[in-house]
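Student: Here it is: the structure, laid out below.
The values are calculated or read from the model by the stated rules, or taken from the named source; none is laboratory data. Predicted model, so just to flag it, every value in this text is computed and none were measured. A quick note on method: Cβ atoms are made from the backbone with ideal geometry, for glycine too, and the neighbour counts reach across all protein chains shown. Side chains included, ligands, DNA and RNA excluded: accessible areas come from the protein's heavy atoms. Shrake-Rupley method; radii C 1.70, N 1.55, O 1.52, S 1.80 Å.
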Amino acid sequence: MSDFSLPTDPEERREKLGVLFTEAVPHNHALQLRLEAVGTTDATVVMPYADVLVGNPETGVVAGGAVTTLIDAASGTAVMAALNAFAAIVTLDLRIDYLRPARPGLPLTAQAECYKVTRMVAFVRALVHQGDPATPVASSQGTFMRVES
Amino acid sequence: MSTPSLPLADLVRQVRQSREYHRLTDAIPYTRFMGIGVENLAGEMLCRMRYAPHLIGNSILPALHGGTLGALLESSAIFELLLQTDTERVPKVISTTVDFLRSGKAQDTFARAFITRQGRRVANVRVEAWQDDRTRPIASSHALFLLSEP
């Protein structure tokens, strides 16, 4: 499979990638992840609050694993945005800092920025918040690699 | 959301004794959703994430979503801390670094956690995940957890 270029119109980009984002990725669909925006090097993904995401039944706080999935999905999409292609990529590593507890009942939004692309590797930062980017719940740093497929 | 019939700390204490691990993993909505369970195999406590189609991240290969491996590694670390130490509350993750080593096939995945250091407030945990061959891990992580707050 070769890479296909993304449309240039932002809304068309979001729509095209958004379809791929959920239809080709069953686990994104299972967590009801929604691609909100795709720029030239960035992507915004929303994860609605759901009972199945709860990691601590006493507090209702979402499990870290679900936040990991949200960040991985947003970061990977930011890489495709930066490559301007439906590229086959894999996550090499992902570091996540949990800055404050997520509030139960509210969606989580991940904003990922692919700030550097080399021939093989892409570097991505992301922030997760619940409405106010100034008080993030988590921050992350990840590296991704293009694969031939 | 179903509330557990017992406070979690009581449930954890009982499960440490009885080793009915499913009582704990069933009480946590996310691990139930992900099919993550704790098993005692040959005297060793492991986590198993049972394969289900909704865990797939790449339908073409197919391969497990990287996030599901992160979830398994983190759950494994939390259950190790809850069941093998005397911590009373669900440990809070401070930070985690996951290395993705090989793509996860559409099958069950296992994980084993090792507590590198346990202080009064912070624990460092290392976890490895594998499928067919334990000597060829598909993902590994190290994570910091907050055990209690002053």
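Student: Need one number: convex hull volume per residue for chain A, Cα atoms only, in Å³.
Tutor: Here the figure is 102 Å³ per residue.
Student: Before I look further, what does chain A give for accessible area per residue, probe 1.4 Å, in whole square angstrom?
Tutor: Details: 6520 Å² over 149 residues.
Counting only protein heavy atoms, the per-residue value for chain A is 44 Å².
Student: Give the average, rounded to an integer, of partner chain Cβ atoms located within 10 angstrom of each Cβ in A:80-91. Walk me through the intermediate numbers first.
Tutor: On the way: counts 0, 0, 0, 0, 0, 0, 0, 0, 3, 0, 7, 10.
Mean number of neighbouring Cβ atoms from other chains: 2.
Student: Any chance you could give the angle, 0 to 90 degrees and rounded to 10, that helix B:8-18 forms with the longest Cα principal axis of chain B?
Tutor: In chain B, helix B:8-18 runs at an angle near 80 degrees to the longest axis.
Student: If packing is taken as the average count of other Cβ atoms within 10 Å, what order do A:55-62, B:44-51 fall into, highest mean first?
Tutor: Highest mean packing first, the order is A:55-62, B:44-51.
Student: Report, by chain and number, residues whose modeled amide H sits under 5 Å from the one on A:ALA85, excluding near sequence neighbours (fewer than 5 apart, same chain).
Tutor: Amide H neighbours of A:ALA85, under 5 Å, 5+ apart: A:LEU6.
Student: Another question, then. Evaluate peptide A:17-28: per residue, the Cβ atoms of other protein chains within 10 Å of its Cβ; return the mean as an integer.
Tutor: Taking all residues of A:17-28 together, the mean is 3.
Student: Enumerate the calculated ³J(HN,Hα) couplings along segment B:99-106 in order (Karplus 6.51 cos²θ - 1.76 cosθ + 1.60, θ = phi - 60°), each rounded to whole Hz, writing x wherever the residue is Gly or Pro.
Tutor: 9, 9, 9, 8, 6, x, 7, 6
Student: R0 = 45 Å: FRET efficiency of B:GLN84 with A:PHE4, Cβ-based, nearest 0.05?
Tutor: On the way: r = 49 Å, r/R0 = 1.09.
Calculated value: 0.40.
Student: Could you work out the helix-only [θ] at 222 nm for the protein assembly as shown, with each DSSP H run of four or more residues adding -39,500 (n - 2.57) and the total divided by the number of residues, to the nearest 500 deg cm²/dmol?
Tutor: Details: 7 runs with 82 residues, N = 299.
It lands at -8500 deg cm²/dmol.
Student: In addition: Express the carbon and sulfur contribution to the solvent-accessible surface of the protein assembly as shown as a percent, rounded to the nearest whole number, probe 1.4 angstrom. Kindly include the intermediate steps, with their values, before the conclusion.
Tutor: Numbers: 7100 of 13500 Å².
Here it works out to 53 percent.
Student: Using a probe radius of 1.4 Å on heavy atoms only, what accessible surface per residue do you get for segment B:6-144? Whole Å² is fine.
Tutor: With all protein chains present, segment B:6-144 gives 44 Å² per residue.
Student: Residues of segment B:80-97 with accessible area at least 30 Å² lower in the all-protein-chain context than alone (1.4 Å probe)?
Tutor: B:VAL90, B:VAL93, B:ILE94, B:SER95, B:THR96, B:THR97
Student: Among B:SER18, B:SER76, B:SER140, whose mean-square fluctuation peaks in a Gaussian network model of chain B (Cα, cutoff 10 Å)?
Tutor: Answer for the Gaussian network model of chain B: B:SER18.
Student: Counting pairwise Cα distances across the protein assembly as shown, what percent come out greater than 38 angstrom?
Tutor: Roughly 10 percent, rounded to a whole number.
Student: Averaging sequence separations of C-alpha pairs under 8 Å and six or more residues apart, then dividing by the length of chain A, give the relative contact order as a whole percent.
Tutor: 23 percent
Student: Threshold 20 Å², probe 1.4 Å: give the residues of segment B:28-68, in number order, that are less accessible with all protein chains present than with their chain alone.
Tutor: The answer is B:ILE28, B:PRO29, B:TYR30, B:PHE33, B:HIS54, B:ILE56, B:GLY57, B:SER59, B:ILE60, B:HIS65, B:GLY67 - residues whose exposure falls by at least 20 Å² when every protein chain is included.
Student: If you find the alpha carbon centre of segment A:98-149 and of segment A:8-24, how far apart are they in angstrom?
Tutor: That distance is 19 Å.
Student: How big a patch of accessible area, both sides summed and in Å² to the nearest 100, lies buried between B and A at a 1.4 Å probe?
Tutor: 2700 Å²
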